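What follows is a set of notes on a single structure, which appears directly below.
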Amino acid sequence: MVIIGRWQSRPVTLSVKPNCLTVSVDGPAESSVFSFDYAGRMWTALLDGISYRRGLDGRMIAKWSIAGRQRDRRWLGQEDALKIEERARGTTADLYRAILDGVAELREALPPEGHSVFQSAIAFDALRSRADAKQYHQVYKPVGILPPDQYMAVVLQATEGCSFNTCTFCTFYRDRSFRIRRPVEFRTHAQAVRDFLGAGLSLRRTVFLGDANALVIPMPVLVPLMDVVREVYDVDKLGGMFAFLDGFSGERKSVSDYALLAGRGLKRVYIGMESGSDELLRFLHKPSKADEVVRSVRAMKAGGVAVGIIILLGAGGHAYAAAHVKDTIAALNQMPLDMDDIIYFSELVAEEGMDYSKAAYQAQLIPLTQPERIAQGEEIQASLCFDEQRGMPHISRYDIREFIY
Ligand code: SF4
């Protein structure tokens, strides 16, 4: 329900949805816009032309654009993040008081759920925000990464860490050893996440089985874990389950395995293929070969599970670029991709001290510039062929520096 009104001679718009409240107040130059989940957590804000997003761990990313430049971003320190939350809360509280006092004129009355979410947002003060972030860290091991279309998922950590942890360009799980949670422990975790999200669960779509490689869990263990998810959550209402499968070893899942998992609600598997070039994969210490990925994608699709394929742009610098482009096109074109699938182009982020950076230095690789990385993605994309009747997969960018959960 969208309610239009005026407050302090400025137009205001309230959007009261079943999953969140959005408050928009026009300003002399720019509008201020805030959204809150039903637990009262500020979720997004737009202030002075800068957009902010708060993660469940209390961290906040600010993004802005200046004409003629790329989009900029900055992660806020905790105090700065709390100041943004306080500005959002303060304006929302003033507006709500004005609504109750009849000073703000609304064309329609605020519905009961609108009152409820306003009150939750106003009660979510700095003390509450800090406590919420603390509870997050009790419930979760740090969530390393998610595909961009899964940032609003309910993450449930069926495993901890990555079963490989060898890829030189990846540091997401270096702080923990790989282990599979037992069903009893996983049930406690799933319930704790549900309790932590509280009324904010309504904002979440899908269930993401973390961490990396949740789908390497052998079937006799994976199926009971998925049943636990179904016990604690209404998976179908949330939109199904999603997970990573990264690297291939041990027992490989068959078409009938994937069909069984699809029946349990598995919708899409994300695979960090990175490249179709085995030579480049070896250089990256990625524990898979392109043809293994192609075979697994075929099995998933035949079993009724969609895929998300992640390609690493700029990996291996100029030395590997030609093979990377050629072999990645070849591998992607062997996959039966359709409109349910996604291809993500993710630029390599090579930080100082990373194993990749050391290996690239030793191999005297010349890195691709940012425009060259973009051009590499465009070159790959231009040569992809899809079956017109099955439709095209969604093709999108994936910037791991903007990951927020
Ligand atoms: S398999 Fe995936 S999660 Fe594991 S180290 Fe490699 S890129 Fe990182």
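Readers should treat all values here as calculations from the given coordinates under stated rules, not as data from a laboratory. Only a predicted model underlies this, so the values are computations on that prediction, with no experimental measurement involved. With ideal geometry, Cβ positions are generated from the backbone for all residues, glycine too; neighbour counts draw on all protein chains shown.
For the chain, the longest principal axis of the Cα atoms and the long axis of helix 317-333 meet at an angle of about 90 degrees. Judged by the mean number of other Cβ atoms found within 10 Å, the most tightly packed of the peptides 138-146, 397-405, 337-345, 206-214 leads the ranking 206-214, 337-345, 138-146, 397-405. Relative to the current alpha-carbon distance between Ser383 and Met219, full extension at 0.36 nm per residue lengthens the span by 55.4 nm. With both residues required to sit in segment 140-402, DSSP beta bridges show an antiparallel share near 5%.
Placing pseudo-labels 7 Å out from each Cα toward the beta carbon at Gln364 and Val2 gives an inter-label distance of 6.1 nm.
The Cα center of segment 101-130 and the Cα center of segment 72-88 differ in position by 21 Å. Spatially, segment 292-347 and segment 1-61 are offset by 38 Å when compared through their Cα centroids. Measuring against 21 Å, Cα to Cα, the residue pairs Lys253/Lys301; Lys253/Lys326; Lys17/Lys141; Lys237/Lys267; Lys141/Lys267 contain Lys253/Lys326; Lys17/Lys141; Lys141/Lys267 as the ones spanning a longer distance. Taking a cut-off of 15 Å between Cα atoms, list the aspartates and glutamates near Lys63, but don't count ones fewer than 8 places away on the same chain. Once the sequence-local aspartates and glutamates are set aside, what remains near Lys63 is Asp48, Asp72, Asp80, Asp399, Glu402. Label-to-label distance for Ala29 and Asp72 is 1.4 nm, based on points extended 7 Å past Cα in the beta-carbon direction. Taking each DSSP H run with n ≥ 4 as -39500 (n - 2.57) and averaging over every residue of the chain yields -11500 deg cm²/dmol at 222 nm.
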